[in-house]
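Here's the structure we're looking at; comments come further down.
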């Protein structure tokens, strides 16, 4: 994978890489192991684990834990999303299938999100997964469980296959081909697409200013 040599940095992909990503998307589902009977949980509503808030505005966050621009934009999102959800924004996290280790990381994000049941807990899990990936990552379930435990991230095993399938539908519906990407959907308007580590914070800050009514951006709030 390579970084696009443009100013608004993003994790760009050639058609070949995109097709490889679609193949990994299928791997999302078959790589999820079947659980023992004692580990089975009641069926989860499709978006309940990875969507937070119930307002009229939808914000989709597409990221890859091995994507450097995604890692750069994450601290800004961490602050802004905590402010946006109470203001009526429904936030949906979607892990993209472009990295070889994506199926492993996607499963454990969902396990952690299930255990967290709160936006704060999910944002902490995302931060830890980004750090694990930055430090050359882990390559097995055993290593992942150990790393998450060391960083105080709880997990709950359940059948994630329906949720992984739902992610694939969201990715295809919005035709997302690079990371980081954010899609903002306002009632009665066409969705707006924002791509890259420079464009996304500006769009998020603009949305926050519009909803808060005070013109104060997430970056400014974080500096208080």
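No lab work stands behind these numbers, since they all come straight from the coordinates. Remember, predicted model here, so these are calculated numbers, not experimental data. We place every Cβ from the backbone using ideal geometry, glycine too, and count neighbours over all the protein chains shown.
Here the peptides 98-108, 60-70 are ranked by packing, the mean other Cβ count within 10 Å, and the order with the highest first is 60-70, 98-108.
Projected onto its three principal axes, the C-alpha set of the range 93-182 covers 36, 27, 22 Å, listed from the longest axis down.
Here the ratio of the Cα radius of gyration of the range 39-222 to 2.2 N^0.38 Å is 0.99. The range 137-169 and the range 178-196 have Cα centres lying 27 Å from one another. Sorting 79, 134 by the number of Cβ atoms found within 10 Å of their own Cβ, with the fewest placed first, yields 134, 79. Shown for 183, 204: other C-beta atoms within 10 Å of each C-beta, ranked fewest to most, produce the order 183, 204. Among 205, 54, the order by Cβ neighbours within 10 angstrom, fewest to most, reads 54, 205.
Of all DSSP beta bridges confined to the range 39-222, the antiparallel ones make up roughly 60%.
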